[in-house]
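Throughout, read-outs are computed from the coordinates displayed, never taken from laboratory work. Here the structure is a predicted model, which is why all the values come from computation and not from measurement. All Cβ positions, glycine included, derive from the backbone under ideal geometry; neighbour counts span all protein chains shown.
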Amino acid sequence: MGNKRYACIGLYNPKSPENVGSVMRAAGCYGVASVFYTGKRYERARDFVTDTKKIHQDIPLIGIEDLKQILPLGCTPVAVELVEGARALPEYTHPDRALYIFGPEDGSLDQEIRDWCEDVVYIPTEGCMNLAATVNVVLYDRMAKGNNTRSGAQFGRDKVTEPTPAARAAIDADSGNS
């Protein structure tokens, strides 16, 4: 049995169903195992979710009381928050098994959650990003650093696929390379 690497997402009291839908889409794109959320705001608005790819049929979206209750065995909790003492994402080495925890669109993660997390990272930007954009950047960074995870080479490489010949021809035609 090989080294199992995976990522889960924890959303702390998300506000916007549109953002949760976009987070689910990112989860599908980057091979996330599951998505958890706390709070009641999303539950009140979830009928308006924008999960157009129906990712929730493949990746569980689970409402829970406390994100600390669901940490998988051997998984590292990582808070994503712009706070003093956080590590910049470009310099961060991702754990093999991570639970990335994101704060709400209109607030921050509680200090208790940040203290519980083994790592706290931030995305260096000139302004604030929305929840879905932040999730996409963190998951892309994890995938892009495939040879720079704590256990070494090949993380995520089995998930990346080359375009089919027909898709490649369409890409080349659009870019004028045909």
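The table below lists the values:
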item: K68 paired with D106, simple spin-label distance in nm, labels 7 Å along Cα-to-beta-carbon; result: 2.7 nm
item: C75, C117, C128 arranged by Cβ crowding within 10 Å, fewest neighbours leading; result: C128, C75, C117
item: Amide proton proximity set for F36, modelled H, under 5 Å, gap of 5+; result: I9, G10, L11, I62
item: Net charge of Cβ neighbours under 12 Å - reference C117; Lys, Arg +1; Asp, Glu -1; result: -3
item: Pair Y6, T125: separation of 7 Å Cα→Cβ label points (nm); result: 2.9 nm
